[in-house]
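Peer 1: A single structure is presented below for examination.
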Amino acid sequence: MADAIPTPAVEAVSHGGPLLRIEQVVKRFGNVAAVDGLSLDIKAGEFFALLGPSGCGKTTLLRMLAGFEAPDAGRILLDGVDIAPMLPHQRPVNMMFQSYALFPHLSVAGNIAFGLKRAGMPRREIGQRVAEMVALVRLEGLETRKPDQLSGGQRQRVALARALARRPRVLLLDEPLGALDRKLRESTQRELLDLQRRLGLTFVVVTHDQDEAMTMADRIGVMNAGRLEQVATPRHLYEEPVSRWIAGFVGDVNMFDGKVARRDGGRFAVAVPGVGLLNATPPRDPAGVEAVSVAIRPEKVRLSRRPPVADVADASINRLEGVVRDIGYLGGASLYTVALDGDAATLRASVANTARLDADAFPVGQRIAAWFSADDCVVLER
């Protein structure tokens, strides 16, 4: 059934141009700029995620794309046409709400057909389209049930089918998996990805769940206070944050503040009070900046009961020592908090639990060596 849905957006991918272009969009509520001069290009066929803390403006931006809010300034272009003046039902865009917003008095089929009836589609075509959507989201046999007779995952599929029924160029999803439990959320993530790729549609999803964004999105735009802080693939966002704020917001991170003591080619030596010199090989050089932070992800830190043997080949390895202060067991990994010598700082290390029993674990109070390479450190301007 998926092949029956036209996918004009796919053709645009080959040309490399954006399907959706947001140009200097501003939205104010009183004196507060919910969206503040934001510009963004989204490609056809892309799964794009907007990520950020509560109140950062991501849902307001999504509502402007859908037509439920009007921008105070700027343009929203779809295939080069400014859709900002268009009413929601006039746009080739549809939105799936966080609450699903299903009509309790309508059946599964009735909910899916609702927008098609409003658009004036002939009854015969509505029946065909509803059957197509039911098969697409695997709800066969449930067409006559009401929403209160469905599970959370089934209601989510009905809402998705209703949003897709009008064959939008862009599908907007506002926290689409927030109401599902963890297991169902993970399986639905895979289903959404499979559906998006089969249809070739452009998905724009708003979420506060970092794992969800990292799992599903081709690219992620991280918002803060109405602005985009960084737009990148999940890997680049995590491994190469452009600011201290991004590094601290996306995932877990160790952050050491210090001053640049030496620059040698692409390598930095940063003097951190109470810790000493940390070697780093950042992907970009904050030229002319002396006050910096060194960011290191916990899974890049290795632990042992004895420090590694130093030699010429590993001169760039950072070696620290301390005592295990706390352990968090997370199933697949354990998160160790190490109090470094001198009580100057703590270091978090994520260690994979490769053995079923804890023979290789480090107990609280264990004196321990921690080390990580210069290449795993990111130097960020403070």
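Peer 1: When you go through (1) under 17 Å from Arg129 (Cβ atoms); (2) touching a residue at least 60 places away in the same chain (Cβ under 8 Å) one by one for Asn111, which number turns out not to apply?
Peer 2: (2)
Peer 1: Counting only residues that are over 14 Å from Phe256 (Cβ atoms) and part of a strand (DSSP E or B), which one in the range 350-370 is modelled with the lowest pLDDT?
Peer 2: Initial filter on the range 350-370 (over 14 Å from Phe256 (Cβ atoms)): 350-369.
Next cut, part of a strand (DSSP E or B) only: 350-352, 367-369.
On the way: Ser350: 94, Val351: 91, Ala352: 88, Arg367: 92, Ile368: 91, Ala369: 92.
Of everything passing the filter in the range 350-370, Ala352 is modelled with the lowest pLDDT.
Quick grid of which residues meet (1) closer than 27 Å to Leu347 by Cβ; (2) within 16 Å of the chain's Cα centre (by Cα); (3) of a type in the set (Lys, Arg):
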residue	(1), (2), (3)
Gly200	no, no, no
Val204	no, yes, no
Thr207	no, yes, no
Met214	yes, yes, no
Val250	yes, yes, no
Ala261	yes, no, no
Val272	yes, no, no
Val301	yes, no, no
Pro307	yes, no, no
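Peer 1: If the requirement is being at pLDDT below 95, out of contact with any strand residue (DSSP E or B) (no Cβ under 7 Å at 6 or more places or on another chain) and of a type in the set (Gly, Ala, Ser), which of these qualifies: Gly30, Gly45?
Peer 2: On the way: Gly45 fails: out of contact with any strand residue (DSSP E or B) (no Cβ under 7 Å at 6 or more places or on another chain).
Just one listed residue meets the conditions, Gly30.
Peer 1: Quickly run through the range 118-164 and pick out the residues that are within 17 Å of Asp194 (Cα to Cα), in contact with a Lys or Arg (Cβ under 6 Å, 6 or more places away or on another chain) and at pLDDT 85 or above.
Peer 2: Within the range 118-164, Leu139 is the sole residue that qualifies.
Peer 1: Looking at Leu228, is it assigned by TED's automatic domain parsing to the domain that holds Phe29, in contact with a strand residue (DSSP E or B) (Cβ under 8 Å, 6 or more places away or on another chain), surrounded by 18 or more Cβ atoms within 10 Å (Cβ to Cβ) and assigned to a strand (DSSP E or B)? Steps first, answer last, please.
Peer 2: Numbers: assigned by TED's automatic domain parsing to the domain that holds Phe29: yes; in contact with a strand residue (DSSP E or B) (Cβ under 8 Å, 6 or more places away or on another chain): yes; surrounded by 18 or more Cβ atoms within 10 Å (Cβ to Cβ): yes; assigned to a strand (DSSP E or B): yes.
Answer is yes for this residue.
Peer 1: Among the numbered conditions (1) over 24 Å from Val253 (Cβ atoms); (2) charged (D, E, K, R); (3) buried (at least 16 other Cβ atoms within 10 Å of the Cβ); (4) touching a residue at least 60 places away in the same chain (Cβ under 8 Å), tell me where Arg198 comes up short.
Peer 2: All conditions pass for Arg198, except number (3).
Peer 1: If you don't mind, another one. Looking at Asp326, Asp341 in this structure, which one is modelled with pLDDT under 90, surrounded by fewer than 17 Cβ atoms within 10 Å (Cβ to Cβ) and of a type in the set (D, E, K, R)? Full working, then the answer.
Peer 2: On the way: Asp326 fails: modelled with pLDDT under 90.
Result of the check over Asp326, Asp341: Asp341.
Peer 1: A follow-up question, please. May I ask you to list the residues in the range 201-222 that are of a type in the set (Ser, Thr, Tyr) and either surrounded by fewer than 18 Cβ atoms within 10 Å (Cβ to Cβ) or assigned to a helix (DSSP H, G or I) (or both)? Quick ask: steps written out before the conclusion?
Peer 2: We begin by selecting, within the range 201-222, every residue of a type in the set (Ser, Thr, Tyr); these are 202, 207, 215.
Hit for the range 201-222 is Thr215, nothing else.
Peer 1: Filter the range 244-298 for residues that are among the aromatic types (Phe, Trp, Tyr), touching a residue at least 60 places away in the same chain (Cβ under 8 Å) and not in a strand (DSSP E or B) and give the result. Talk me through it step by step, then tell me what you get.
Peer 2: If we filter the range 244-298 for residues that are among the aromatic types (Phe, Trp, Tyr), which is where we start, we get 245, 249, 256, 268.
Pick out the ones that are also touching a residue at least 60 places away in the same chain (Cβ under 8 Å) and you get 249, 256, 268.
Answer for the range 244-298, where residues must be among the aromatic types (Phe, Trp, Tyr), touching a residue at least 60 places away in the same chain (Cβ under 8 Å) and not in a strand (DSSP E or B): just Phe249.
Peer 1: A further question follows. For the range 36-57, check the following and say yes or no: at least one residue is among the hydrophobic types (A, V, I, L, M, F, W, C) and more than 23 Å from the chain's Cα centre (by Cα).
Peer 2: Of the residues in the range 36-57, the ones among the hydrophobic types (A, V, I, L, M, F, W, C) are 38, 40, 42, 44, 47-51, 56.
Pick out the ones that are also more than 23 Å from the chain's Cα centre (by Cα) and you get none.
Within the range 36-57, none of the residues are among the hydrophobic types (A, V, I, L, M, F, W, C) and more than 23 Å from the chain's Cα centre (by Cα).
Peer 1: Moving on to the next point. Output the strands (runs of 3 or more DSSP E) that fall wholly within the range 72-183 and possess 1 or more residues being of a type in the set (D, E, K, R) and surrounded by 12 or more Cβ atoms within 10 Å (Cβ to Cβ), or say none.
Peer 2: Details: elements: 73-78, 93-96, 170-174.
Where strands (runs of 3 or more DSSP E) fall fully within the range 72-183 and carry at least 1 residues being of a type in the set (D, E, K, R) and surrounded by 12 or more Cβ atoms within 10 Å (Cβ to Cβ), they are 73-78, 170-174.
Peer 1: Let me ask something else about it. Take the range 44-62 and flag every residue that is in a helix (DSSP H, G or I) and out of contact with any Lys or Arg (no Cβ under 9 Å at 6 or more places or on another chain).
Peer 2: Going through the range 44-62, the residues in a helix (DSSP H, G or I) turn out to be 58-62.
The answer is Lys58, Thr59, Leu62.
Peer 1: Within the range 88-129, how many residues are at positive phi and aromatic (Phe, Trp, Tyr)?
Peer 2: So the first thing to find is which residues in the range 88-129 are at positive phi, and the list is 100-101, 120.
When the remaining residues are screened for being aromatic (Phe, Trp, Tyr), the result is 100.
Within the range 88-129, residues that are at positive phi and aromatic (Phe, Trp, Tyr) number 1.
Peer 1: So is Ser39 surrounded by fewer than 21 Cβ atoms within 10 Å (Cβ to Cβ) and under 30 Å from Glu132 (Cα atoms) or not?
Peer 2: No: the conditions fail for Ser39.
Peer 1: For the range 134-159, which residues satisfy the criterion of being free of Cβ contacts under 8 Å to residues at least 60 places away in the same chain, farther than 19 Å from Pro176 by Cβ and small (Gly, Ala, Ser)?
Peer 2: Gly141
The values are calculated or read from the model by the stated rules, or taken from the named source; none is laboratory data. Every value quoted in this text rests on a predicted model; they were computed, and no experiment measured them. Neighbour counts run over all protein chains shown; Cβ positions are idealised from the backbone, glycine included.
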